[in-house]
Amino acid sequence: MTKRIDDFKIVDNKRITEDLFILELLGNEKLPDFKPGQFVQVRVDGSPGTFLRRPISVHDVDYKQNTFKLLIQEAGPGTYRLAKLIPGDILNLIYPLGNSFTDPSEGERVLLVGGGAGVAPLLFLGKHLLSIGCKPDWLLGFRNKERIIDLEEYKKIGDVYLTTEDGSEGEKGYVTSHSVLSEKHYDRIYCCGPDPMMKAVGVYSMNNNINCELSLENLMACGIGICLCCIVSTVRGNICTCTEGPVFNIIELKW
Ligand SMILES: Cc1cc2nc3c(=O)[nH]c(=O)nc-3n(C[C@H](O)[C@H](O)[C@H](O)COP(=O)(O)OP(=O)(O)OC[C@H]3O[C@@H](n4cnc5c(N)ncnc54)[C@H](O)[C@@H]3O)c2cc1C
Ligand code: FES
């Protein structure tokens, strides 16, 4: 898919938890057919210490309005700056980047597993799955009740199972300890979240013979296969997460 560099106008910046916010962006040009799992490289203007673009997943797309959303966690100078954007501000992006999740086979039972900001690429994927006739379940993990995002959009797609680390909502613990995993059988898992969570979900999937795709969030600089700072070790050798990923099947990864 051809990569573009364009300016987008911010039409909304909505705070959803203490450290998460959603930017809605309006394109000048007609949006490309984004694939679930793809990301954009965001230029952070007005922040002298943030020379490199920041990779952020496509969270949701509205082709009728020619808008799309990014769900962002404040993690450092770049994302702190993005959190301050207001409607009318301009954001420069390189897009669309990376590969995408593969579609399930007909009749496969699918689980979407996300942790914290790791839900970002999964909402778009969930909507896509529903559009091709697959109704997935959600298994979402958050640190505590205060960090849970508004789940209405997710509930429209499938049943939502929750964990919090302190037990303030849903089941207490990590996603891999949720009882739904022993009560229901899934053929395929799609997952995005912190590395320890993805590793645990990967091990669970391997042990239970479940097809599992993970969206990796390796550190990135260029986002287009030049700097080699996002290398991941796989059965195909050491490859760039930004061009060959960010989505990998667990059986490919040498973790
Ligand atoms: C393909 C891809 C998609 C992503 N999608 C999203 C998304 O949809 N929403 C979102 O909030 N974040 C996403 N991230 C992570 C996001 O890019 C980083 O959090 C962001 O670049 C941090 O920039 P910063 O300037 O705010 O903080 P920095 O100062 O750059 O980093 C702050 C802290 O976060 C750590 N960090 C930086 N980048 C990453 C990373 N990739 N993974 C884990 N830790 C990191 C740093 O080591 C440092 O400790 C994605 C990353 C990748 C590679
Ligand atoms: S980020 Fe530069 S090669 Fe992947």
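The values are calculated or read from the model by the stated rules, or taken from the named source; none is laboratory data. Remember, predicted model here, so these are calculated numbers, not experimental data. Here the Cβ is made from the backbone with ideal geometry for all residues, glycine too, and neighbour counts use every protein chain on show. Remember, those area values only see protein heavy atoms, side chains included, never the ligands or the DNA or RNA. Shrake-Rupley method; radii C 1.70, N 1.55, O 1.52, S 1.80 Å.
A few remarks follow.
- Qualifying residue in the stretch 207-214 (condition: of a type outside the set (Lys, Arg) and within 15 Å of ligand 2 (Cβ to nearest atom)): no
- Per-region count, the stretch 219-251, residues more than 15 Å from ligand 1 (Cβ to nearest atom), in a helix (DSSP H, G or I) and out of contact with any helix residue (DSSP H, G or I) (no Cβ under 9 Å at 6 or more places or on another chain): 0
- Residue that is open to solvent by less than 70 Å² (accessible area, probe 1.4 Å), touching a strand residue (DSSP E or B) at 6+ places or on another chain (Cβ under 6 Å) and not acidic (Asp, Glu), where the choices are LEU31, LEU26: LEU26
- Contact annotation: residue pairs with Cβ atoms under 7 Å, 6 or more positions apart or on different chains, pairing a residue in the stretch 1-23 that is closer than 15 Å to PHE39 by Cα with a partner that is among the charged types (D, E, K, R), are ASP6/GLU29; ILE22/LYS14; ILE22/LYS69; LEU23/LYS69.
- Search result, residues across the stretch 63-86 that are closer than 18 Å to ASN28 by Cα and either modelled with pLDDT under 95 or in contact with a helix residue (DSSP H, G or I) (Cβ under 8 Å, 6 or more places away or on another chain) (or both): LEU70
- Test: residue in the stretch 185-195 that is more than 17 Å from the chain's Cα centre (by Cα), open to solvent by 50 Å² or more (accessible area, probe 1.4 Å) and either within 16 Å of ligand 1 (Cβ to nearest atom) or free of Cβ contacts under 8 Å to residues at least 12 places away in the same chain (or both): no
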